[in-house]
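Contents: one structure, followed by commentary.
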Amino acid sequence: MELTQPLTDMQTRLAAEIDARRDDLTLLTQELIRIPTLNPPGENYRDICDFLDRRLSKVGFQTELVRAHWAPGDCEAYPRWNIVARREGNRPGECVHFNSHIDVVDVGKGWTTDPFGGELKDGKVYGRGACDMKGGLAASIVAAEAFLAVVPDWQGAIEISGTADEESGGFGGVAYLAEKGYFKRVDHVIIPEPLNVDRICLGHRGVWWAEIETHGEIAHGSMPFLGDCAVRHMGAVLHEMEQTLFPALAQKRTDMPVVPEGAKQSTLNINSLHGGQEEIPRDSTGLPSPCVPDSARMVIDRRFLIEENIDEVQAEITGVLERVKAGREGFSYDIREMHRVLPTMTDKSAPVVTTVSQAIRETLGKDPDYVVSPGTYDQKHIDRIGKLKNCVAYGPGILDLAHKPDEYVGVDDMVASAKVMAFSLLTLLGPPQTP
Ligand SMILES: [Zn+2]
């Protein structure tokens, strides 16, 4: 079976236009990497927004800089700036929105190149944020610019946003824009996160963070029988989890195409555990005072599947606690929800999915793989606050390199994904195609 039709004239010209902009795409990626937008604390957001403003204004985008006042972390030293750029076509039609986060995570150790140098070596651009996700942002910009140069008559609108704080939850970025109604005028969203050029990410698993506290009674450590040890109570909780909860979670499998394979089941991470006195700093020579802990706290990070609902997820944990309580004298607990994100998965028949799939076939000559992310990303806000289901993540770069030393993005990958994005624009906004 033949996967693809021969390219149309317009597609051939669009592909050639992107090939001609290869050096420009490389340079743009380097320039973006050279603006160190570290989060935390949220540095240079205004600088990168100004840079994007200049670039996109030149090709006729109307731009808007939006500061997320009162978002977590927003302050005079580290304002949470975002940019939303919009270019209207000749006629009314649908709006395609490319959303990229502008922040990058801490550099860490082990680099052999300058993390903010944007060095080009053997067809790869190196730097913090190269694949996650300044390469994707650059590819979407060049895709839009090539589309504007080649296709004079088109309908609808193209939007490109650069948003803050994805790496810390996206509350000063996409969540803020969604709350302000920016996604009401949008029909299709592509998030160019580094998912590999031939994969479309449909969504992510759910998240439930909670803190469990067990209570005890303080007493002198030489006479623990006069108190009640909260840490031993927490030990009983962990024991019950090992006996019943972890085996049950391992049995739950999803039909979501989650990668990697291990994340196709429900998972629970014990994020932290603390009981009794504050820990003594490693460099201190002081000794603790002998006390029976009257409190122990544990933070859990439960990732759940689209087949599970959040009430069951919570009931499972309270079930563990109630079973311990029934069999253990003096046991009492509190549980507090810290954070929740429901799982989301865009339907494979959604227009943005079928469009990007077809563009991958035309560009790469193969069928795309559909994947779901084990962790969440900004799609959660577009889904929950923006009420828009027609959203995917698609972009250049290798996911495993994100947040690692010597992070890079391949120039060939960026060129290929820019073609996929431009072909998608052509399908969604271009003139009716003649074979
Ligand atoms: Zn990212």
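I need 357, 57, 289, 417 ordered by Cβ neighbour count within 10 Å, fewest first.
289, 57, 357, 417
Could you give the length gained on full extension between residue 12 and residue 406, defined as 0.36 nm per residue of separation minus the Cα-Cα distance, in nm?
138.4 nm
Can you tell me the length gained on complete extension of the stretch residue 354 to residue 5, counting 0.36 nm per residue apart and subtracting the Cα distance?
Working: separation 349, 0.36 × 349 = 125.64 nm, distance 1.55 nm.
Extra length from residue 354 to residue 5 when fully extended: 124.1 nm.
How much space per residue, in cubic angstrom, does the convex hull of the C-alpha atoms of region 181-284 take up?
Values: hull volume 24.8 nm³, N = 104.
Dividing the Cα hull volume of region 181-284 by its residues yields 238 Å³.
Which of the residue pairs 124/404; 184/404; 121/419; 134/348; 325/380 have a Cα-Cα distance greater than 25 Å in the structure shown?
Values: 124/404 15 Å; 184/404 36 Å; 121/419 22 Å; 134/348 27 Å; 325/380 36 Å.
Table pairs above 25 Å Cα-Cα are 184/404; 134/348; 325/380.
So if each residue of separation counts as 0.36 nm, and I subtract the Cα-Cα distance between residue 297 and residue 109, what length gain in nm does that give? Mind dumping the intermediate values first?
Details: separation 188, 0.36 × 188 = 67.68 nm, distance 3.12 nm.
This chain segment gains 64.6 nm when fully extended.
According to a simple spin-label model (label point 7 Å from Cα along Cα-to-Cβ), what is the distance in nm between residue 69 and residue 252?
Here the answer is 4.2 nm between the modelled labels.
Specify the inter-centroid distance of region 283-319 and region 178-196, based on alpha-carbon positions, in whole Å.
34
Can you list the HN-Hα couplings for region 212-225, worked out from phi with the Karplus curve (6.51, -1.76, 1.60; θ = phi - 60°), rounded to whole Hz and with x for Gly and Pro?
9, 10, 9, 10, x, 9, 6, 7, 5, x, 7, 9, x, 5
Taking only C-alpha pairs under 8 Å that are 6+ residues apart, what is the relative contact order of region 196-315 in percent?
Dividing the mean separation by the residue count of region 196-315 yields 39 percent.
Need one number: the % of Cα-Cα pairs in the chain sitting beyond the 32 Å mark. If you can, show how the numbers build up before the last one.
Numbers: 41954 of 94395 pairs.
Value for the chain: 44 percent of Cα pairs lie more than 32 Å apart.
Would you please state the base-10 log of I(q)/I(0) at q = 0.11, 0.15, 0.16, 0.18 1/Å for region 17-151, with intensities from the Debye formula using one equal scatterer on every alpha carbon?
The Cα Debye sum returns log10 ratios of -0.43, -0.78, -0.87, -1.06.
Please report the relative contact order for the chain, taking Cα pairs under 8 Å with a sequence separation of at least 6, and give it as a percent rounded to a whole number.
Working: 967 pairs, mean separation 110.3, N = 435.
Relative contact order, the chain: 25 percent.
About the Cα centre, and with charges only on the beta carbon of Lys, Arg (+1) and Asp, Glu (-1), how big is the dipole of region 207-310? Nearest 20 debye, please. List each step's numbers first, then the result.
Values: 8 positive and 15 negative charges, 57 e Å.
Roughly 280 debye for region 207-310.
Describe numerically, in nm with one decimal, the distance between label points set 7 Å from Cα along Cα→Cβ at residue 57 and at residue 329.
With each label point 7 Å from Cα toward Cβ, the separation is 7.6 nm.
Arrange 404, 58 by Cβ neighbour counts within 10 Å, fewest through most, would you? The partial results should precede the final answer.
Values: 404 16, 58 9.
Neighbour counts put them in this order, fewest first: 58, 404.
Output the relative contact order of region 243-384, whole-number percent, from Cα pairs under 8 angstrom with separation of 6+ residues. It would help to have the intermediate numbers written out before the result.
On the way: 122 pairs, mean separation 36.1, N = 142.
Once normalised by length, the contact order is 25 percent.
Note down the net charge around residue 267, summing +1 for each Lys or Arg and -1 for each Asp or Glu among other residues with Cβ under 9 Å from its Cβ. Write out the running numbers ahead of the final one.
Values: positive: 205, 302, 303; negative: 301.
My count for the surroundings of residue 267 gives +2.
At a Förster radius of 25 Å, what calculated FRET efficiency corresponds to the Cβ-Cβ distance of residue 282 and residue 215, to the nearest 0.05? Mind showing how you got there, number by number?
On the way: r = 29 Å, r/R0 = 1.15.
The pair residue 282/residue 215 has a calculated efficiency of 0.30.
May I have the extent of the alpha carbons of region 65-114 along their three principal axes, as whole Å values ordered from largest to smallest?
Over region 65-114, Cα extents along the principal axes are 51, 32, 14 Å.
Would you mind ranking 35, 310, 382, 270 so that the residue whose beta carbon has the fewest other beta carbons within 10 Å leads the list?
Values: 35 21, 310 17, 382 27, 270 12.
Ascending Cβ contact count within 10 Å gives the list 270, 310, 35, 382.
From the helices alone, meaning DSSP H stretches of at least four residues, give me the mean residue ellipticity at 222 nm for the chain, per-run term -39500 (n - 2.57), in deg cm²/dmol to the nearest 500.
Values: 11 runs with 133 residues, N = 435.
Theoretical 222 nm ellipticity from helices: -9500 deg cm²/dmol.
Please report the spacing between the Cα centers of region 43-118 and region 123-150 in Å, no decimals.
So the two Cα centres are separated by 13 Å.
Readers should treat all values here as calculations from the given coordinates under stated rules, not as data from a laboratory. Not measured: the values here are computed from a predicted model. Positions of Cβ are backbone-derived with ideal geometry, glycine not excepted, and every protein chain shown enters the neighbour counts.
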